[in-house]
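Structure first, then comments.
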């Protein structure tokens, strides 16, 4: 049996949102299958498994999405002033054209419906399940020596049409995936002074807030 390069806690510590470090090198099919298998093994509310994975390697689709993201980056940049605007100008927000593969992760609320065990009181529980699948994918990729970048500068209707999602299926993430030259020891946003990670003690409560 294949043994991942990293243990769980090391993968959690090393995981980064990769933008500039993709090498574009080919990715072994067996590695990709393991990473997607880890995503598909995620827990889900009522065992609904409401995710799908659209693998995008068509250069035309990727270029179209990249152009859309560039436009949305401009929209966000125009909302910033002063120091914030200067800092953001230095931050790369995606690796769409640099990564080996793109993976669109979706949410289908109709899967397992109408009686999804555990979702009757919390409608978003299915969406949370998809996020768990994404985290599984991310950690497995890190353990395999790959990088993942979650692109969020897009409008959902655009992406839905771009990859032909059925009515009612929601795009949750466009993930850039592939081999990297390295993983940064400090997250990009922290290195650029955008934000810093909070200490655990500052977000820890016991019994009540």
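Checking 137, 47, 127 one by one, the residue that is touching a residue at least 40 places away in the same chain (Cβ under 8 Å) and surrounded by 19 or more Cβ atoms within 10 Å (Cβ to Cβ) is 137 and no other.
Apart from one condition, residue 80 fits all of (1) surrounded by fewer than 14 Cβ atoms within 10 Å (Cβ to Cβ); (2) in contact with a helix residue (DSSP H, G or I) (Cβ under 6 Å, 6 or more places away or on another chain); (3) at pLDDT 95 or above; the exception is (3). Pick out the one residue from 34, 63 that is touching a helix residue (DSSP H, G or I) at 6+ places or on another chain (Cβ under 7 Å) and either assigned to a helix (DSSP H, G or I) or modelled with pLDDT of 95 or more (or both). One residue alone meets the criteria, 34. If you go through region 66-98 and pick out every residue that is closer than 28 Å to residue 24 by Cα, assigned to a loop (DSSP other than H, G, I, E, B) and free of Cβ contacts under 8 Å to residues at least 40 places away in the same chain, you end up with 1. When the helices (runs of 4 or more DSSP H) confined to region 115-203 are screened for residues that are within 30 Å of residue 46 (Cβ to Cβ) and modelled with pLDDT of 95 or more, those reaching at least 2 such residues are found at 125-143, 156-162. Return the residue satisfying two criteria in turn: it lies in region 89-107 and is surrounded by fewer than 17 Cβ atoms within 10 Å (Cβ to Cβ) and at pLDDT below 95, and of such residues it is nearest to residue 23 (Cα to Cα). Checking each candidate, the answer is 92.
The values are calculated or read from the model by the stated rules, or taken from the named source; none is laboratory data. Please read these numbers as outputs of a predicted model, since none were measured by experiment. With ideal geometry, Cβ positions are generated from the backbone for all residues, glycine too; neighbour counts draw on all protein chains shown.
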